[in-house]
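Following: one structure in structure tokens, then a few remarks.
Coordinate-derived values only; no laboratory data. Computed from a predicted model, the values in this text were never measured in an experiment. Every residue, glycine as well, gets a Cβ built from its backbone with ideal geometry; the counts of neighbours run over all protein chains shown.
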Amino acid sequence: MVDFDAYVKYSRPGPRYTSYPTAPEFSDKFTYDDYIRELKNRDKTRPLSLYLHLPFCRSACYFCGCNVVYTSKEDKKERYIDYVEKELEILSHHLDTSAEVLQMHFGGGTPTFFDNKQLDRIIRAIKAKFKNYSKEAEISCEIDPRFLSQAQLDVLVGHGFNRISYGVQDFDDRVQKEIHRIQPYEVTKKAIEMARAMGIKSINMDLIYGLPLQTLDSFKRTLDMTLTLDPDRLAVFNYAHVPWLKKTMRKFDEATLPSPKTKLEILKYTAEFFIKNGYKMIGMDHFAKPDDELFTALANGTLHRNFQGYTTKGGADLIGIGLTSIGECKRHYAQNFKDMPEYEAAIDRGVLPYMKGIYLSEDDLIRKAVIMSLMSNFALDIKAIEAEFGVKFFDYFKDDLKELEKLSEFVHITPEKISVNETGTLIIRNIAMCFDAYLKQIPENLRRFSKTV
């Protein structure tokens with residue numbers, strides 16, 4: 001039995017660790033020239049992962065923390081495609097686009113807010129520059145079931161898309177109304193049936209716990225309804241309440257948000273529910289069927305975490321395309337402009353729309369390897385870290401391990417390995433935070449992150 005009241009003390013502001021160093025550390029100290037040099041000098045033996053950000057939505061979902069442009073005007077979408085095509089042309093002058101592509105992902109916004117002809121134009125523009133796709137390439141798209149037509153699916157499948165992720169969040173009517181996203185169960189069911197009929201064999205569904213008006217009982221009903229749709233993967237995210245960053249979140253009465261205790265009860269029940277029904281827990285917030293390659297990667301310790309969540313495509317350089325997108329290569333992160341006029345102005349000058357980033361020091365690389373292993377695999381192979389980086393782990397992380405000792409009931413440490421126990425997985429962000437050198441420099445009352453619990 002988990003003492004949820006005792007866990008409440010671990011509800012602290014902390015990163016989600018989709019990167020390390022985390023995005024607040026990005027700056028213009030890593031200059032445009034630095035970024036171009038890194039692209040040109042990229043290790044040619046490393047394959048590529050492409051991420052395209054399609055930022056438009058018709059209206060706001062109040063919980064959303066993504067960088068979104070709200071519009072209903074077709075000319076804005078056409079104009080954006082024009083600029084993506086120009087960005088791809090500029091990118092092709094600085095990056096060897098002949099490298100093998102292991103992964104391509106369309107995120108948003110709402111990618112399927114673009115109609116079938118617009119999607120076809122976008123995909124053709126990317127494939128005109130990046131032509132070498134692995135036979136095992138994972139090509140995926142985020143989809144709002146409320147905006148999906150057969151014609152759009154025809155385009156996606158025709159271009160080799162083989163994974164689809166549906167945003168659901170919650171099936172409860174009251175919650176949907178409160179978060180400004182009315183999406184009946186039947187709409188989601190139809191969207192999934194359409195994809196199955198087209199031969200899509202990997203379907204993910206996104207749920208969120210911690211939303212206004214949610215209770216353990218209401219979320220149990222959402223889980224029961226989700227199971228009837230038989231998704232191959234699930235992502236069950238902890239709602240990140242950051243009203244200082246997202247104005248729409250200020251619409252929520254914070255008194256209606258579930259308490260940390262309730263959120264932990266929901267998380268524990270969710271994990272037990274999916275495991276009981278044939279899924280395996282993958283990393284912090286994902287679940288997959290045992291025959292899914294995510295589970296295989298977890299079992300052999302090759303699971304990788306990036307800005308799109310968990311993936312089996314480790315060792316690839318992520319190239320971000322479009323407004324606000326983030327790229328990740330071996331030694332740097334790079335983010336495009338978040339503001340459309342700045343994005344367009346850069347491209348009009350004939351340069352990439354780079355805004356900020358960071359070059360990873362040797363210490364960054366070591367800590368990144370430690371944190372990402374814990375976040376992905378709930379374990380760390382100490383000897384592998386020592387062999388790769390030439391450090392004595394217990395000397396190098398002497399101060400960090402003192403922090404970890406405060407969480408000793410959740411971790412087991414031997415000379416060879418750090419293992420996180422089942423209850424420790426509920427606060428894996430807190431465990432990873434022990435190794436975050438940047439976070440230690442920020443007083444806790446000034447940390448601008450969502451709560452870990």
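For the pair Asp75 and Lys398, what calculated FRET efficiency results from E = 1/(1 + (r/R0)^6), where r is the Cβ-Cβ distance and R0 = 41 Å, to the nearest 0.05?
On the way: r = 59 Å, r/R0 = 1.44.
With a Förster radius of 41 Å, E is 0.10.
Taking the beta-carbon count within 10 Å as an exposure proxy, list Asp170, Asp217, Asp285, Asp317 from fewest neighbours to most. Display every interim value, and only then the final one.
Working: Asp170 27, Asp217 10, Asp285 24, Asp317 21.
The order, fewest Cβ neighbours first, is Asp217, Asp317, Asp285, Asp170.
Only bridges whose two residues both fall in the chain count here: according to DSSP, what percent of them are antiparallel, nearest 5? The partial results should precede the final answer.
Details: 27 of 62 bridges.
Around 45 percent of the beta bridges assigned by DSSP in the chain are antiparallel ones.
Give me the extension gain from Phe389 to Glu342: residue separation times 0.36 nm, minus the current Cα-Cα distance, reported in nm with one decimal. Display every interim value, and only then the final one.
Details: separation 47, 0.36 × 47 = 16.92 nm, distance 3.93 nm.
Computed gain between Phe389 and Glu342 is 13.0 nm.
Which three semi-axes in whole Å describe the equivalent ellipsoid of the range 22-321, each the square root of 5 times a Cα gyration tensor eigenvalue, listed largest first? Each step should come with its number before you reach the end.
On the way: eigenvalues 197, 99, 87 Å².
Whole-Å semi-axes of the equivalent ellipsoid: 31, 22, 21.
Can you put Ser450, Ser376 in order of Cβ neighbours within 10 angstrom, beginning with the fewest? Don't jump to the answer; show the numbers that get you there.
On the way: Ser450 17, Ser376 24.
So the residues, fewest neighbours to most, are Ser450, Ser376.
Taking R0 as 51 Å, what's the FRET efficiency between Ile275 and Asp115 from their Cβ-Cβ distance, rounded to 0.05? Don't jump to the answer; show the numbers that get you there.
Details: r = 40 Å, r/R0 = 0.78.
So the FRET efficiency works out to roughly 0.80.
What FRET efficiency, computed as 1/(1 + (r/R0)^6) with R0 = 30 Å and r the Cβ-Cβ distance, is obtained for Ala437 and Leu245, rounded to the nearest 0.05? Can you show the working numbers first?
On the way: r = 23 Å, r/R0 = 0.78.
The formula returns an efficiency of 0.80 here.
Using alpha carbon coordinates only, what is the Rg to Rh ratio of the range 1-132, with Rh defined as the Kirkwood radius?
Numbers: Rg = 19.2 Å, Rh = 18.0 Å.
The Rg/Rh ratio comes out at 1.07.
With Cβ to Cβ distances under 11 Å as the rule, what net charge do the other residues near Thr71 carry (K, R +1; D, E -1)?
Numbers: positive: Arg58, Lys73, Lys76, Lys77, Arg79; negative: Glu74, Asp75.
My count for the surroundings of Thr71 gives +3.
For the range 90-199, compute Rh as the Kirkwood radius over C-alpha pairs and then the Stokes-Einstein diffusion coefficient at 20 °C and 1.002 mPa s; write the answer in µm²/s, rounded to an integer.
Values: Rh = 15.3 Å.
Diffusion coefficient, whole number: 140 µm²/s.
Exposure proxy check: Ile182, Ile192 ranked by fewest other beta carbons within 10 Å? Please report the intermediate quantities before stating the final value.
Values: Ile182 10, Ile192 22.
Fewest-to-most ranking of Ile182, Ile192: Ile182, Ile192.
Label-point separation (nm) for Met198 and Ala255, each offset 7 Å from Cα along Cα-to-Cβ?
4.6
How long are the semi-axes of the ellipsoid equivalent to the range 229-359, from square roots of 5 times the Cα gyration tensor eigenvalues, in whole Å, largest first?
33, 24, 11
Post the alpha-carbon centroid distance, the range 392-453 to the range 236-252, in whole angstrom.
25
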